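Undergrad: Here it is, the structure, as structure tokens.
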Amino acid sequence: MNIYDYEGAFGAADITSAAMRKAMGNWYQLYYGDRSRGDPCQKVAYTVVTKLIRAMFGEYAATGTTGFGQSLVKAVESVRKEAVSQALVGGACFLKPCPGEKGFSFRVVARPNVLIFARDAQGKVTDMGTVEKTTHGKYFYTLLERRTVDRQGYLTLRNTLYRSLNDRSLGQEVPLNSHPDYGDLVPGYVFSAPLNGVGLVELRTPILNCVDGSGEAVSVYAAAAELIGNIDENEAQLSGEFRRGQSRIVVSGDMLGAKGLEDHVFVGLDDDPEHVGITIFSPNLREQSFLARKQEYLRNVESIVGLKRGMLSDANMDERTATEIAASAGDFNLTVIDLQHMWQEGLEALLSLCGKLGALYGLEGAGQPGEVSVDWGNGVLYDEDKTWEAYRTMVETGLLKPEIALGWRFGRPAETKEQQAKIREDLMPELTIDD
């Protein structure tokens with residue numbers, strides 16, 4: 001029997017609301033471009049995501065404090081921008097650790113390929129399914145993986161493979177070794193130690209849900225989605241204005257048979273040639289009206305998303321006060337900082353998860369994964385070098401412990417005595433004074 005829907009194959013209902021599913025589809029259509037609703041040549045959604053990622057990682061550097069941690073930071077680097085892009089577009093994505101002989105590699109699971117079956121009171125996913133589509137030979141394959149966490153924190157994995165002759169249905173269930181990429185998988189597995197999670201790290205945009213008010217994460221441009229759609233529609237109207245504004249030469253229909261008359265210039269009219277003759281039709285263009293409307297749309301998108309004025313719109317056309325311009329720069333910096341925190345928290349969660357998984361798989365150094373040190377460089381609202389000089393002055397005058405200053409400088413936690421001792425050990429080896 002052929003299976004046509006994922007919920008039927010998993011035997012569970014996705015708790016994501018219909019409104020969220022519709023909105024999610026709209027976000028991806030805006031990102032990739034959907035000409036059925038306008039002209040997406042402006043690529044506004046793509047531009048928003050690209051500019052935010054460039055701002056986030058312009059001066060980014062991350063290191064692990066142990067060999068195991070450093071190997072993870074290096075491995076996740078290959079999917080860093082893909083993961084953040086998927087989170088910004090779809091509101092969330094999942095990072096999946098894949099153990100190997102030389103350590104972990106990582107894959108990004110986009111939100112449209114995820115079904116959420118249950119969350120706990122804190123919003124953490126406790127039951128979910130992922131979908132992976134591939135082709136091999138003449139067949140279409142769909143791998144369904146279900147992850148369920150019980151009350152004791154133990155994770156259960158279930159893998160099911162479907163095969164079909166087309167991509168319109170999952171087809172029929174087949175053994176996992178029917179596809180060469182899945183021959184090493186097992187139908188079911190329960191981890192021997194509690195992971196207290198689904199074994200994936202969820203990246204979520206720090207934006208309040210404006211679609212259905214639920215705990216689901218939303219796209220970074222969710223609130224501006226309708227505006228972006230209006231921009232695409234406006235662009236289509238502007239293009240149509242230029243097409244309609246081309247000069248036309250109206251002639252009698254019998255003249256169109258002559259060579260060299262192009263149908264986008266000459267328009268035939270079936271009437272008495274003596275009454276038609278040759279008439280030039282050249283309508284006026286309303287270019288400035290459409291351009292002004294587009295600029296207003298773009299400025300509104302900048303305001304809603306939290307971009308700096310002029311990142312999408314023409315800054316020269318925007319007569320604003322210096323205070324408003326400075327405020328937009330500050331808003332943009334805060335937006336970037338929030339997104340940087342999203343990635344840093346995800347990186348720290350990934351290190352913790354891989355430490356647990358690595359210990360189960362017997363990977364060297366996994367038992368002590370250490371910490372991740374992230375340096376984001378200078379921001380817009382503060383100068384890191386000036387702050388560092390101020391910290392040094394406070395240390396020299398005895399107003400601040402050097403461990404706290406070094407912890408800030410190198411992105412290391414320095415709140416507890418143990419953390420400060422670790423900083424002394426790693427960064428102040430000549431200091432041997434105990435607490």
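The values are calculated or read from the model by the stated rules, or taken from the named source; none is laboratory data. Source: prediction; values computed, not measured. A quick note on method: Cβ atoms are made from the backbone with ideal geometry, for glycine too, and the neighbour counts reach across all protein chains shown. Keep in mind that these areas ignore ligands, DNA and RNA; they rest on the heavy atoms of the full protein, side chains included. Shrake-Rupley method; radii C 1.70, N 1.55, O 1.52, S 1.80 Å.
Table: residues versus (1) open to solvent by less than 10 Å² (accessible area, probe 1.4 Å); (2) part of a helix (DSSP H, G or I); (3) without any contact (Cβ under 8 Å) to a residue 24 or more places away in the chain.
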| site | (1), (2), (3) |
| --- | --- |
| 20 | yes, yes, no |
| 46 | no, yes, yes |
| 49 | yes, yes, no |
| 52 | yes, yes, no |
| 56 | yes, yes, no |
| 59 | no, no, no |
| 63 | no, no, no |
| 70 | no, yes, yes |
| 78 | no, yes, no |
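Undergrad: To continue, here is another question. Among the residues of region 80-107, which ones are within 17 Å of residue 24 (Cα to Cα) and not in a helix (DSSP H, G or I)?
TA: The answer is 91, 92, 93, 94.
Undergrad: Restricting attention to region 65-83, does a residue exist that is more than 30 Å from residue 354 (Cβ to Cβ) and aliphatic (A, V, I, L, M)?
TA: no
Undergrad: Does at least one position in region 187-202 carry a residue that is under 19 Å from the mean Cα position of the chain (by Cα), in a loop (DSSP other than H, G, I, E, B) and either closer than 30 Å to residue 148 by Cβ or modelled with pLDDT of 90 or more (or both)?
TA: yes
Undergrad: Give me the residue from region 330-347 that is open to solvent by 30 Å² or more (accessible area, probe 1.4 Å) and of a type in the set (A, V, I, L, M) and, out of that set, farthest from the chain's Cα centre (by Cα).
TA: 334
Undergrad: Can you tell me how many residues in region 389-420 are in a helix (DSSP H, G or I) and either at positive phi or open to solvent by 40 Å² or more (accessible area, probe 1.4 Å) (or both)?
TA: 15
Undergrad: Also: Is region 90-104 home to any residue that is open to solvent by 20 Å² or more (accessible area, probe 1.4 Å), closer than 26 Å to residue 32 by Cβ and in contact with a helix residue (DSSP H, G or I) (Cβ under 7 Å, 6 or more places away or on another chain)?
TA: No: region 90-104 contains no residue that is open to solvent by 20 Å² or more (accessible area, probe 1.4 Å), closer than 26 Å to residue 32 by Cβ and in contact with a helix residue (DSSP H, G or I) (Cβ under 7 Å, 6 or more places away or on another chain).
Undergrad: Take the residues in region 169-202 that are exposed (fewer than 14 other Cβ atoms within 10 Å of the Cβ) and in contact (Cβ under 8 Å) with a residue 60 or more places away in the chain, then tell me which one is nearest to residue 133 (Cα to Cα).
TA: Out of the qualifying residues, it is 172.
Undergrad: From the list 123, 129, which residue is among the small types (Gly, Ala, Ser), touching a residue at least 60 places away in the same chain (Cβ under 8 Å) and surrounded by 20 or more Cβ atoms within 10 Å (Cβ to Cβ)?
TA: Going through 123, 129 in turn, just one is among the small types (Gly, Ala, Ser), touching a residue at least 60 places away in the same chain (Cβ under 8 Å) and surrounded by 20 or more Cβ atoms within 10 Å (Cβ to Cβ): 129.
Undergrad: Does region 35-44 hold any residues that are of a type in the set (Gly, Ala, Ser) and assigned to a helix (DSSP H, G or I), and which are they?
TA: 36
Undergrad: Can you tell me which residues in region 207-245 are open to solvent by less than 20 Å² (accessible area, probe 1.4 Å) and aliphatic (A, V, I, L, M)?
TA: Answer for region 207-245, where residues must be open to solvent by less than 20 Å² (accessible area, probe 1.4 Å) and aliphatic (A, V, I, L, M): 217, 218, 220, 222, 224, 225, 228, 231, 238.
Undergrad: Identify, from the list 160, 142, the residue that is in a strand (DSSP E or B), open to solvent by 10 Å² or more (accessible area, probe 1.4 Å), at pLDDT 95 or above and hydroxyl-bearing (Ser, Thr, Tyr).
TA: 160
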